[in-house]
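Worksheet for the structure shown next.
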Amino acid sequence: GFHVDFQEFVLDYTVFLNRKLKKSHFIDCSLKEAYFLKCDLTGTAFKHCNLELTKFEDNNLTQVDFASSYNLEINPDSNKLKKARFSLESLPGLLTKHDLIVSK
């Protein structure tokens, strides 16, 4: 199988395509403009990661922990998000496609 864990890595512009990344860990990583397409990320943790302009398309994001990551933007219609964790601050990133304005 294919398993990865990254801590304090710069993974900007990385492409993950058709990968099984179950229970992987991305800790304190920069993933600017990275691309996840058709990946199984079940149970993966993105801890304190910069996800600026990162694209998630057609992935299984079941139980993924995004709670401490930032600059997150995900289309819920294009990914399976069952029991995924998000912080309150990252919720606007789930509404981007609807062109809504969210204020505190």
Roughly what would the spin-label model give for V102 and K82, points 7 Å off Cα along C-beta, in nm? 2.3
Which of the lysines could be linked to K55 by a straight reach, that is with a Cα gap under 16 Å, when you skip same-chain ones fewer than 8 residues away? K32, K38, K80, K97
I'd like the carbon and sulfur percentage of the solvent accessible area for the chain, probe radius 1.4 Å, heavy atoms only, ligands and nucleic acids excluded. 50
In the stretch 1-80, the GluC sites (Glu not before Pro) that fall in loop regions by DSSP, at most 10 other Cβ within 10 Å: E8
Filtering trypsin sites (Lys or Arg not before Pro) in the stretch 1-60 by DSSP loop and by at most 15 other Cβ atoms within 10 Å leaves K23, K38
What's the longest uninterrupted piece of the chain once you rule out the chymotrypsin sites (Phe, Trp or Tyr not before Pro) that are loop residues per DSSP with at most 12 other Cβ within 10 Å? 14-104
Under the 0.36 nm per residue contour assumption, what length would be gained going from the current alpha-carbon distance of I27 and Y13 to full extension? 3.4 nm
By accessible area (1.4 Å), largest first, T44, T14 order as T14, T44
I'd like the Karplus ³J(HN,Hα) series for the stretch 12-25: coefficients 6.51, -1.76, 1.60, θ = phi - 60°, whole numbers in Hz, and an x wherever there's a Gly or Pro. 4, 6, 6, 10, 10, 10, 6, 10, 8, 10, 4, 6, 6, 10
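The values are calculated or read from the model by the stated rules, or taken from the named source; none is laboratory data. From a predicted model like this one, the values you see are computed outputs, not experimental measurements. Here Cβ is always computed from backbone atoms with ideal geometry, including for glycine, and neighbour counts include all displayed protein chains. Areas reflect the complete protein model, heavy atoms only, side chains present, ligands, DNA and RNA absent. Shrake-Rupley method; radii C 1.70, N 1.55, O 1.52, S 1.80 Å.
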